[in-house]
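Have a look at the structure below, then the notes.
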Amino acid sequence: MTPPPDVAPAERVPLGTARETRAQLSAQRARSAARAAWGELTGEGGPLGSPARRRLRRASARWAPGLAAACGAALVTRGAFDPGLGLPQLAAFAALAAALALTAWRRAEALRAARPTTPRDDLELGALVLVVAFAVAQLGSVGGGEGAAHPVVYLAVGALLALLPGAAGACVLGLALLLEGAAWWGRGAPGGKLGIVSAHLGFTVAFAALYRAVLGARLAAGRRAEGAALARRTRELDERARQLRLLAASEAEGDCDRGERAARLAEAAVLETNVAAESLLQVAEIALRAHTVAVWLLSDDDAELRRWECRSHSDEVAAVLPAGEGPLGGVVRRRAAVRLQGDIRSANHYQDGARPRALLAVPLLARVGGHLRGVVLADRMDPVPFSDDEERLLTRIATEMARAVSAEALLRDVRRSREEKGRFYAAIERLNRTAKPREVFDAVLEVAAEMAKVDLGAVTLVEEGESGVRHRVARAVAGAPGNGEDGRSGAAASALEGLEFPDNGGLVACAVRLCSSLPGVELDPAGAVVLDEDHRLHDFLSVKVLPLKAGETVVGTLVLASRAPRAFQSEVVRQLEVVAMQAGDAILRARLFEATERLAITDGLTGLVNHRTFQVKLDEHLAYGQRYGKKVSVLLADIDHFKAVNDTYGHPVGDFVLRGVARILQREARATDVAARYGGEEFALVMPETDLDGALRTAERIRARVAEEIFRCDAGPLQVTLSVGVASFPSGARKKAELIELADAGLYHAKRHGRNQSVALGEPRGERRGTQREARAAAPE
């Protein structure tokens, strides 16, 4: 049959001779066998595979320090470092330093993982330190004479004896003596050096004994104290957990400090979770007859498995494992149990490369969502495989372990929730206790500083004036009131407090107009107008302005600034808004209380304290004066011919005059004096720590100022004068009634003898002291 015309006939390839064909086939089979052999060697179970290489690296790291110490000791005994620091000595020093660094790193890792060190670790560390110390001593002896640097050896021996346990320390001391004698013998045992060697040995023993007796005793005492403190802390945690359960079932916990209860809750959560995990592992160890039972939890990035709890007959269980390698990595990848038996070469959870003969690992799954949280492992060194029932048992234990882990998270959430509620209750309670606006300002700023990182806090108030709405910074502090403050924040707070600015486009004014927290998004506080253009918050990265509302009315704002970026997140802002609302009500309540208190103690027309308050203050100052031997003076003043002013100009003008005289009296009095409206057109002034001469000078100054004052009213200019009576305690009177009666008598005397004068009556009562002038007011009485 002929092929189609468009298909070319197949070309025949010559096969060659049979011998050549057999040679080619043999070469191909040899190459295939070599590749297969190499695959067997470097495969997962081969002697050169990755598990074998990891074991080799671990073995090298494990044996390298001891080998380096042995080689270094041999060099020291042969006096290899006596000639000086040449290239061979430098290489030996580098090897010793590397081995010592590796040993120190391993010891630090053991301490960090709270894993006890073995005697082998102690001996390796001691041997390496001793070899390095002897090498330094030999080098120092070349230029400085025999034994010039040998104290380095004494120091090393003393420090090691103080650091290491008793048996290891004794071995280190023996090794030091052996190295000293071996070095002398290695030099040919010269008789002339025997005395020096004996002295070195004696000083080594003496130094070791001294360090062991002094420093070692102190370290041992510290360890004992630490152990006792740890045991005491454990007992306290148990007791606190029991107390917490009792408190949780009782309503009588209001007197307990909330911060202490939160700390108890957190400690109890960790303690009970660990106790539950240890109990479950103990059950698994006994029930499964396991050599090791351990739990590893996944890290946050799912890259590592970190040991959480472990019960094992070995001290070499790894603290950290790669999440993608070995049997545990198989559990992580498959999210299913792994059961192995026989020569398990892939097992990697022992640091010394030990291989269990049976292994069972199950996933630790979260109760909510089924997310993988870790791996629970059990193994045996006996060739007894795990059964299906044992796998179900370990899976059940892993489920209970997940319950314990979830319980810790739940208790942490409960603690956070209780802290937030406690913070709100404490804030409301604190604000409800405040009675004055300043107390409210400090309380709300303290609460805000507890909720967020606040470097600068301020409270502004909205005030209606003749020129429109104005804002005033009533309080500004750096951080929380009463706490220490840094210089920049303190300077900014000092510059802001008392600042007044009109309604503008800043965040404070907008928060008041919109009745909303601002800003809604992140912005640069240095470029934004928070208060006004002249006071920008240049040193801060976060700012929040919250309105202080009392019902539907905004009474002010709470301004918070922080140097931390994004310091006021949504959750924190929601909490602060609740506190701000309570603060607005507290400010309104404090204002009403202040106004009520002011009405109760002041005269509504003149603004001076009223007669009742005058009597109370006079009692207080007289009691203080009697107790501490202080002087107190009283002025009683009366406007001359005031009835004629009312009859001639009318009562509105009379009220205008009363207010003017009250302003003069308040202005001329000291800050410690009490100016009062005594009744009608009469005024009083209590002057603590003032004698009669001082009171007379003050009375004359006030009388002169009133006489000079021109009251301009619709009916024309008007002038009035004062008559003043002065009395002093204890020179004039020793009781309040007598003091007021004496001052009133002086006032009456001034009225009867020309008015417009100050009079102080002494003893006897008819004697007059003071000044008398003719009346300047022409109005008849």
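Report the extension gain between R697 and T672 in nm, rounded to one decimal, defined as 0.36 nm multiplied by the number of residues separating them, less their alpha carbon distance.
Values: separation 25, 0.36 × 25 = 9.00 nm, distance 1.64 nm.
That pair, R697 and T672, stretches by 7.4 nm at full extension.
Compute the length gained on full extension between A426 and L177: take 0.36 nm times their separation in residues and subtract their Cα-Cα distance, giving the result in nm to one decimal.
Working: separation 249, 0.36 × 249 = 89.64 nm, distance 6.86 nm.
Computed gain between A426 and L177 is 82.8 nm.
When the Kirkwood hydrodynamic radius is evaluated over all pairs of different C-alpha atoms of the range 553-635, what value in angstrom, to one decimal, is obtained? Can you show the working numbers first?
Values: mean 1/r = 0.0576 Å⁻¹.
Its Kirkwood hydrodynamic radius stands at 17.3 Å.
Might you work out the accessible area of D301 for me, using a 1.4 Å probe with all protein chains in place, and round it to the nearest 10 Å²?
Estimated to the nearest 10 Å², D301 gives 110 Å².
With a 1.4 Å probe and all protein chains kept in place, how do V136, V572 rank by accessible area, largest first?
On the way: V136 55, V572 30 Å².
Output order, biggest surface exposure first: V136, V572.
Using a basic spin-label model with each label point 7 Å from the Cα along Cα→Cβ, how many nm lie between R705 and K453?
5.3 nm
So for F386, F593, what's the accessible-area order with a 1.4 Å probe, most first?
Working: F386 5, F593 95 Å².
Largest accessible area first, the residues go F593, F386.
Keeping all protein chains in place and using 1.4 angstrom, which order do H621, H349, H538 fall into by accessible surface area, from largest down? Please list the in-between numbers first.
On the way: H621 50, H349 0, H538 120 Å².
Final ranking, largest accessible area leading: H538, H621, H349.
Can you give the accessible area of K453, probe radius 1.4 Å, in Å² rounded to 10?
About 110 Å², ignoring ligands and nucleic acids.
Put one equal scatterer on each alpha carbon of the range 474-629, apply the Debye formula with no solvent term, and list log10 I(q)/I(0) at q = 0.16 1/Å to two decimals.
Treating every Cα as an identical point scatterer, log10 I(q)/I(0) equals -0.94.
Leaving out ligands, DNA and RNA, and with a 1.4 Å probe, what % of the accessible surface on the range 712-755 is carbon or sulfur?
Values: 1040 of 2150 Å².
Accessible surface attributable to carbon and sulfur in the range 712-755 totals 48 percent.
How much accessible surface area, in Å² rounded to 10, belongs to the heavy atoms of I286 with a 1.4 Å probe?
120 Å²
The values are calculated or read from the model by the stated rules, or taken from the named source; none is laboratory data. Keep in mind it's a predicted model, so treat the numbers as computed, not measured. Every residue, glycine as well, gets a Cβ built from its backbone with ideal geometry; the counts of neighbours run over all protein chains shown. Please note that ligands, DNA and RNA were not included when accessible areas were found on the heavy atoms of the full protein model with its side chains. Shrake-Rupley method; radii C 1.70, N 1.55, O 1.52, S 1.80 Å.
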